[in-house]
Each structure stands twice: as C-alpha cells, then as structure tokens.
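Below is one structure, written out as structure tokens; the observations come after it.
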Amino acid sequence: MRTIGHFIDNKPVAGASGRFGPVWDPATGEQAGRVALASPEEVDRAVAAAAGAAPAWRTASLARRAALLFRYRELLVAHRAELAGLITAEHGKVHADALGEVARGLEIVELACAIPEKLKGELSTEVSTGVDVASIRQPLGVVAGITPFNFPAMVPLWMFPVAVACGNTFVLKPSEKDPSAALKLAELAAEAGFPDGVLNVVNGDKPTVDRLLAHPEVTAVSFVGSTPVARAIQRGAVEHGKRVQALGGAKNHMLVLPDADLDLAADSAISAAYGSAGERCMAVSVVVTVGEATGDALVARLAERAAGVRVGPGGDPASEMGPLITGEHRNRVAGYVRGAAGQGAEVVVDGTGYTVPGHEGGFFLGVSLLDRVTPEMDAYRDEIFGPVLCVVRAETYEEAVTLINASRWGNGSAVFTRDGGAARRFQLEVEAGMVGVNVPIPVPVGYHSFGGWKESLFGDHHIYGNDGVRFYTRGKVITTRWPDPADGGVNLGFPQHR
Ligand code: NAD
C-alpha cells in the first residue's frame, strides 16, 4: 500500500506524526493507500520553508515570475492526462470529467501568467503642485490554502498560481481523501523552476488546519469546503488576525419557465445534477418549475434521460458517472433518497442499491430523481452532494424566486427561458453570486472571479480573477514630492493642496 507524505522545499517529505488517513479507490472500495496527517510541528516546518523563501520571492522580477508560470502552464498541459488519472483513481470521477477539471484549473495559471498586467499600479501626477500619488499592491507573505476533495486539482489551482504570481509563498493543505493530484501539481511547479519553499504541500486534517490558522507567520487563508467548516475557518482566521476567504457549500437552483426549451433544460439539468456524481459545489441540485404543465413535461424528460445515465468506474471510457468519494458518503446520500417518500416526495427514479458488476465493493449509487419536493423536506434543506436531483413545483415566477432566495446558500443559480425580459429580471433579483442564463453551471472563466453569497462564502473576496489578485496583495499609497530647495519652511497646518 502506498504511503503519501508531504512536499516541502521542493522535496518529498515523509510524514513523521505517526497518524495516517485512508485513501480509497472508490471504484473498487478498496484502500489504495494512506496519507500522512501532519502534526503541528510538521506544519511549522512547511511554514518555515515558505517564510524562508518569501523575502527573495517577493522581489523576484515580474518577468521571472511570469516566465516560471508560462513554463508551469506548459508542464501542466503535458501532464494533464497523468493528473486526470490521479484524480480518477482517488476521487472516482470519470476521466473526461477529470480532464475538464484540469483544463479549468489551467485557466487560472494562464491568468497568473498575465500578472505583470494585473499588478500595474495607479499613478496620479500633480495632485498638488509638484506632488504625485502612486497606488501599488504588495504581497502578503506566507499564505495558506485548504481545499476540498471534490476538485483535488482545480481548487488548489484557483489559489496558489495567483498567490505565488503576486509574490507570496504558499502552504497548501489538500483534502486528505484524494491528496495525490495536489502533490503532483507541486512536483511540476518544482520542475518548472519555482524556487524552494515557494509552494509547499502538507497533508492532514483538523489539527493540521488548526496550526495553519494559528501560525503567526501565515498572513492569509483561502478555504474551499463545506459550510460548517468554512464558517469555523473564517472565525479562526479572524481570531488570529488573518485575512480570510472561506467558500462553503451550496444548493444550486435552476429555474425553468414555461417558455423554456424543455429538451435543452432537461439535458442541462441532467448533466449539471449528475456530472461528477453530483459532487460539485455548482451542481444543480434543485430544479424549480413554473406551472404544473411545465413541471409534468420536464419531469417526464428528466426521468427518460436519468434512466440512460451510464454509471461505472471512472477509468472506463463507457462510464458517464463514477462512484462517490467514500462508502460512508454513498450511504448518507442514499439515506436522503430512502427518506424522501416518507416525507411526501415522489421518488421518480431511485438510484439506491445500484451495483456495478465486477465492482460490487465500489462506492456506487445510481442517479435519483425526486419530484414534488418541498422546502421542509431533508432532501431540500441539506446539501446532499450526490447524484440526487430534486424538483420543486411553483405556480408563478414570483413564488419561484421567493423560494430560491429563501435558501441559506447563494452559490450559483440558473434560469432557462426564451424570454430576455424574464431572464434579465431573474439575474437582477436572484440572491446568488453566479448566475447562468440557459447555462446550468455558470462557473466563471479564470479572468472573472468565483464566489457565492450568503452561506456559500464567508469573507469579502471572491476567488481568482481580479478578486484573487486583491485578496493576495495589500494596497499601499505613496505620496511623493521632490521639493525645490526654495520650498522650505515649517508649516504645522494639515497638508492642503496648492
Ligand atoms: P470539508 O469541509 O469536509 O473539507 C474541506 C477541507 O477542510 C479539507 O481539506 C479538510 O481536511 C478540511 N477540514 C475538514 N473538517 C475540518 C475541520 N473541522 N477543521 C478544519 N479543517 C477541516 O469539505 P469536503 O467534503 O472536502 O468538500 C465538499 C464540500 O465543499 C461541499 O460542501 C461543497 O459544496 C464544498 N465546495 C465548495 C466550493 C465553492 O466554491 N463554494 C467548491 C468546492 C467544494
């Protein structure tokens, strides 16, 4: 069995804590390896490496940083199949989906290649006679990233390329459930020429994270994961005086209006609900239909398509949907489907009890479709994070939007319609950070920023794009005068323009 360690100062480092977590092969249900869980002392070692690298890295020229990132981008392209293979092996998602994850992460590296443009400051000349004012942004120092299991390569890539491009050094704590992709990302960064200590990876769990939050040399924390942990991370980071962005969970609604192209809406909902087995923070987990006829026609189309989703091992090119991350999570998701009928939902498609021949031990679940779900039901109230699509029936647009806006989450939301006026109204009225119009998963491209509202994000800054650059830098304003020797004289008054 493989033992997975850390990566500090551009070198693999074996775990020394004596604590390990299991890494499963979700397609077989067998343990494929074990990952070292870093002790506080091991975290200190990684932070010390990052702190040691920080003074030289913050003064590395923009040209050098950009050149390294270009080289890194090329290495990621060359190794994308390998990265996708690691993702499929430990996460379970199908290979094509894993390749897509790497491609979306690459976008952020490409954004980071443009860092000389992004870090251009502002200059006002002659704000007063002979006085100029410049606004610049400078790196923070050592920053930390804590990432979830569901995008083991993309979410780390949302963070460190921007942070490092801005002149910071980084300590990444990936999910202990699928740590290998993050380690590969760090190895490739070393190969690209990132100096020792600029990007470090410590694997671990809560004690590891707690030390990162408390460490005095960590200046900022980026977190992506579930809402309860995001909330706790924000509080912990603030308590220790750190800048923090903590992206949490979601329950994304897709509104289908009566005039929508229902075949397009059904295709989109199926892809967005069951892709990656529903383990996406931007998955569509609730479809809200307006009008009984729309609901009936859409549910019929969803049921037909759901029956055709091919579930199997992620490495099999015939599979469209892979297993869930762990057996425990699979059972939890199945519990929502089993409990739904008792709470009054119509179980149109029941994916529980699904097995894949030859892979009976795998963490598989078929897709499930629940109709006539209401906000009181557990399947609606909780983030299920599995291949379960709920349909909620509304009578009017107003009722639908009121329902969507009552959700405690506000990550993404989508509207399907042919009516431009209705779509415009929805995009202005819906309480979500990312909105799709006839686009079910509106994950912003790398040069815009990603972030939800309400319990989907704790902190002010969205992630990557311009918000990422702002998060990983702090502003400084410099007021300059080169006086003429004749301009002397004491004046105790508050400086005024002249
Ligand atoms: P999680 O919250 O369990 O774990 C995320 C990270 O936090 C991991 O690195 C984990 O080791 C660490 N962690 C877990 N418990 C902790 C604790 N008590 N204290 C400190 N650290 C802790 O999330 P997950 O199950 O890995 O990922 C799925 C969740 O992430 C879903 O809720 C999903 O919606 C969310 N997510 C959100 C986004 C977004 O952009 N908003 C993106 C991806 C995933």
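Laboratory data are not the source of any read-out in this text; all were calculated from the coordinates shown. Remember, predicted model here, so these are calculated numbers, not experimental data. Note that we place each Cβ from the backbone using ideal geometry, even for glycine, and neighbour counts take in every protein chain shown.
Expressed as a rounded percentage, what relative contact order does the stretch 156-307 have, with Cα pairs under 8 Å and six or more residues apart?
16 percent
Cα-Cα over 26 Å: which of 11/93; 118/177; 93/251?
Beyond 26 Å between Cα atoms: 11/93; 118/177.
Place +1 on the Cβ of every Lys and Arg and -1 on the Cβ of every Asp and Glu in the chain, take the dipole about the Cα centre, and give the residue among 365, 60, 143 whose Cα lies farthest towards its positive end.
60
Take every DSSP beta bridge with both residues inside the chain and express the antiparallel ones as a percent of the total, to the nearest 5.
Around 40 percent of the beta bridges assigned by DSSP in the chain are antiparallel ones.
Stretched out fully, how many nm does the piece from residue 267 to residue 124 gain, at 0.36 nm a residue minus the Cα gap?
Gain on extension, residue 267 to residue 124, equals 46.2 nm.
In what order do 276, 128 fall by count of nearby beta-carbon atoms within 10 Å, going from fewest to most?
128, 276
Which net charge results when you count Lys and Arg as +1 and Asp and Glu as -1 among the other residues whose beta-carbon is under 14 Å from that of residue 37?
For residues surrounding residue 37, the net value is +1.
Taking +1 at the Cβ of each Lys and Arg and -1 at the Cβ of each Asp and Glu, which of 256, 409, 347 sits farthest along the dipole of the chain towards its positive end, judged by Cα position relative to the Cα centre?
409
Over the stretch 252-437, what is the percentage of antiparallel beta bridges among all DSSP beta bridges, to the nearest 5?
The answer is about 10 percent antiparallel.
Among residues other than residue 335 whose Cβ falls under 15 Å from its Cβ, what is the net charge (Lys/Arg +1, Asp/Glu -1)?
Surrounding charge for residue 335 is -1.
Rank these for me by crowding, 456, 222, going from fewest to most other beta carbons within 10 Å.
Ranked by crowding around the Cβ, least crowded first: 456, 222.
Please label the shape of the chain as rounded, prolate or oblate, based on the square roots a ≥ b ≥ c of the eigenvalues of the alpha-carbon gyration tensor (a/c under 1.5 means rounded; beyond that, a/b larger than b/c means prolate, else oblate).
Oblate, because a/c is 1.5 or more while a/b does not exceed b/c.
Let me have the relative contact order for the stretch 312-383, percent, based on Cα pairs under 8 Å that are six or more residues apart.
Answer for the stretch 312-383 is 30 percent.
Please give the FRET efficiency for residue 482 paired with residue 405, using the beta carbon to beta carbon distance and R0 = 51 Å, rounded to the nearest 0.05.
Once the sixth-power term is evaluated, E becomes 0.40.
Could you bin all the Cα-Cα distances of the stretch 34-179 into 5 Å bins starting at 0 and give me the percent of pairs in each, rounded to whole numbers?
2, 9, 15, 17, 17, 15, 11, 6, 3, 2, 2, 1, 0, 0
For the chain, what does -39500 (n - 2.57) per DSSP helix run (n ≥ 4), summed and divided by total residues, give at 222 nm, in deg cm²/dmol to the nearest 500?
Value at 222 nm, helices only: -12000 deg cm²/dmol.
Contact order normalised by length for the chain, with contacts defined as Cα pairs under 8 Å and 6 or more residues apart; what percent is it?
This gives 18 percent for the chain.
So how strong a dipole does the chain carry about its Cα centre when Lys and Arg Cβ are +1 and Asp and Glu Cβ are -1, to the nearest 20 debye?
The calculation lands at about 1360 debye.
Nearest 10 degrees, 0 to 90: what angle lies between the long axis of helix 40-58 and the longest principal axis of the chain (Cα atoms)?
50 degrees
If one takes the longest principal axis of the Cα atoms in the chain, at what angle in degrees, from 0 to 90 and to the nearest 10, does the Cα axis of helix 292-307 lie?
Once rounded, the angle reads 90 degrees.
Note down the nm distance, to one decimal, between modelled labels 7 Å out along Cα→Cβ at residue 418 and at residue 376.
It works out to 3.8 nm between the two label points.
Can you compute the equivalent ellipsoid semi-axes for the stretch 252-437, i.e. the square root of 5 times each eigenvalue of the Cα gyration tensor, sorted largest first and rounded to whole Å?
28, 16, 15
Just report the Cα centroid separation between the stretch 394-470 and the stretch 125-202, whole Å.
27 Å
Compute the helix-to-body angle for 80-91: its Cα long axis versus the longest principal axis of the chain, expressed 0 to 90° and rounded to tens.
60 degrees
Please give the charge dipole size of the stretch 98-257, origin at the Cα centre, charges +1 on K and R Cβ atoms and -1 on D and E Cβ atoms. Round to the nearest 20 debye.
600 debye
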